[in-house]
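Okay, structure first, notes after.
The numbers here are math on the coordinates, done by the rules we state, and not lab data. A quick note: this is a predicted structure, and the numbers were derived from the prediction, not measured. Quick reminder, even Gly has a Cβ in these numbers, built from the backbone with ideal geometry, and neighbours come from all protein chains shown.
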Amino acid sequence: MNNGMTSEETGRAIKESLQAEHDELHRMVREFRTLAATGTPEVLIGSLDGIVAFCRSHFSHEETALRKHREMGLEKHVASHVRLLEGLFGLRAGAERRDGAFRSALGSWYANMTNHIEQHDRPALERLLVGQTREQAAERRWQNPGPPQG
Ligand SMILES: [Fe+2]
Ligand SMILES: [Fe+2]
């Protein structure tokens with residue numbers, strides 16, 4: 001990417017936009033939980049569909065950024081995204097069946113999602129930023145080797 005930003009700035013911008021998406025996801029889940037007490041199944045299914053669509057797009061942004069950065073252990077991270085999406089499909093199927101448990105089931109899905117953010121996303125985003133900084137330092141050394149060291 002060359003849009004006038006240094007690679008360090010690019011790394012920070014990617015990290016911040018992915019973190020903003022996490023904030024939005026937290027907001028959507030809070031909204032679902034508010035609706036869960038009184039909302040009709042149709043309203044809740046609509047809310048779940050919004051969460052599914054948002055997660056699909058967020059996971060895809062995140063995987064693209066991490067793949068571009070050749071993140072190690074990306075397969076495990078992606079597998080965890082797949083499991084989270086499957087969990088949402090299970091919730092949605094419960095809502096379709098009018099299985100009353102789906103109203104509270106998002107709680108355990110959300111615990112898994114929060115764990116995912118802590119265990120996979122947070123460290124990966126830190127590495128992305130450090131990696132970009134390193135890459136930029138390497139670029140600078142390449143362009144301006146400076147006096148020999150030692
Ligand atoms: Fe993730
Ligand atoms: Fe994420």
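Rounded to the nearest 10 degrees, the angle from helix 102-116 to the longest Cα principal axis of the chain is 10 degrees.
Please report the relative contact order for the chain, taking Cα pairs under 8 Å with a sequence separation of at least 6, and give it as a percent rounded to a whole number. Reported as a whole number, the value is 35 percent.
Each Lys and Arg Cβ is given +1 and each Asp and Glu Cβ -1; about its Cα centre, the chain then shows a dipole of about 220 debye. Pairs of alpha carbons in the range 1-55 separated by more than 13 Å make up 66% of all such pairs.
Using equal-weight Cα scatterers in the Debye expression, the normalised intensity of the chain in log10 at q = 0.09, 0.14, 0.18 Å⁻¹ is -0.38, -0.73, -1.02.
Rounded to the nearest 10 degrees, the angle from helix 74-96 to the longest Cα principal axis of the chain is 20 degrees. Expressed as a whole number of Å, what is the distance separating the alpha-carbon centroids of the range 108-131 and the range 1-80? Computed from Cα coordinates, the inter-centre distance equals 11 Å.
Given +1 on the Cβ of Lys and Arg, -1 on the Cβ of Asp and Glu, and no further charges, what dipole in debye does the range 25-65 carry about its Cα centre, rounded to the nearest 20? If you can, show how the numbers build up before the last one.
On the way: 4 positive and 5 negative charges, 34 e Å.
With only Lys, Arg, Asp and Glu charged at Cβ, the dipole is about 160 debye.
Mean projected area of the convex hull spanned by the Cα atoms of the range 39-103, taken over all viewing directions: 4.4 nm².
In degrees between 0 and 90, to the nearest 10, how far off the longest principal axis of the chain does helix 122-143 point, with axes built from Cα atoms? Approximately 20 degrees, to the nearest ten. Here's the picture: charge each Lys and Arg Cβ at +1 and each Asp and Glu Cβ at -1 in the chain, and of HIS69, ALA13, HIS26 the one pushed furthest to the positive end of that dipole is HIS69.
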